[in-house]
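The values are calculated or read from the model by the stated rules, or taken from the named source; none is laboratory data. Since the structure is predicted, the reported quantities are computational estimates derived from the model, not experimental observations. Ideal geometry is used to build each Cβ from the backbone, glycine not excepted, and the neighbour counts take in all protein chains shown.
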């Protein structure tokens, strides 16, 4: 099977992330959306909530698996016996960081190959950070996140009141 890993924090999962998943599935038969545990980041959603959120966007999909990992991505790749990594690029500013990460991953795990996908024109400006900021300031999120994610964000904000 032709499989790849798409790592990220996905807090929350945006239409930009969905665009990358959908387009990666045109090249790969199977995609693991690997939700990273990052204790240094302050998350809006818990790890289990983020996993559920992505599964709700792809219910019953045999081609999309949602998993989690902590530590180095290359260690996760080795455990999964995987080599292909998907990374989304929104703008030129993303490239330098992603290029460094791809080369470090290849240095640590020479079998690793990173495939960069440009986010589509409808979502290139969308980031999880901006979605959270707009949400906290009461802005409209329609079209920025999948409908199931939008509902989760609304509930999360109501809980916080």
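Which residue out of 27, 57, 32, 64 is farther than 19 Å from residue 148 by Cα, surrounded by 14 or more Cβ atoms within 10 Å (Cβ to Cβ) and either in contact with a helix residue (DSSP H, G or I) (Cβ under 6 Å, 6 or more places away or on another chain) or at pLDDT 95 or above (or both)?
Testing whether each residue is farther than 19 Å from residue 148 by Cα, surrounded by 14 or more Cβ atoms within 10 Å (Cβ to Cβ) and either in contact with a helix residue (DSSP H, G or I) (Cβ under 6 Å, 6 or more places away or on another chain) or at pLDDT 95 or above (or both) leaves just 32.
Can you name the condition, by its number, that residue 143 falls short on among (1) within 16 Å of residue 12 (Cα to Cα); (2) surrounded by 15 or more Cβ atoms within 10 Å (Cβ to Cβ); (3) in contact (Cβ under 8 Å) with a residue 60 or more places away in the chain?
(2)
For segment 1-108, give me every one of the helices (runs of 4 or more DSSP H) that falls completely inside it and has 1 or more residues that are over 29 Å from residue 133 (Cβ atoms) and without any contact (Cβ under 8 Å) to a residue 40 or more places away in the chain.
73-80, 92-108
Name the single residue, out of those in segment 146-161 being in a helix (DSSP H, G or I) and in contact (Cβ under 8 Å) with a residue 12 or more places away in the chain, that is nearest to the chain's Cα centre (by Cα).
Here the residue is 149.
Looking at segment 104-122 only, could you name the residues that are out of contact with any strand residue (DSSP E or B) (no Cβ under 9 Å at 6 or more places or on another chain) and modelled with pLDDT under 95?
Of everything in segment 104-122, those that are out of contact with any strand residue (DSSP E or B) (no Cβ under 9 Å at 6 or more places or on another chain) and modelled with pLDDT under 95 turn out to be 120, 121, 122.
Name every residue in segment 114-128 that is farther than 26 Å from residue 82 by Cα and free of Cβ contacts under 8 Å to residues at least 60 places away in the same chain, in order of residue number.
Of everything in segment 114-128, those that are farther than 26 Å from residue 82 by Cα and free of Cβ contacts under 8 Å to residues at least 60 places away in the same chain turn out to be 121, 125.
If a residue has to be farther than 19 Å from residue 89 by Cα and in contact (Cβ under 8 Å) with a residue 12 or more places away in the chain to count, how many in segment 129-140 make the cut?
Residues that pass the stated criteria total 3.
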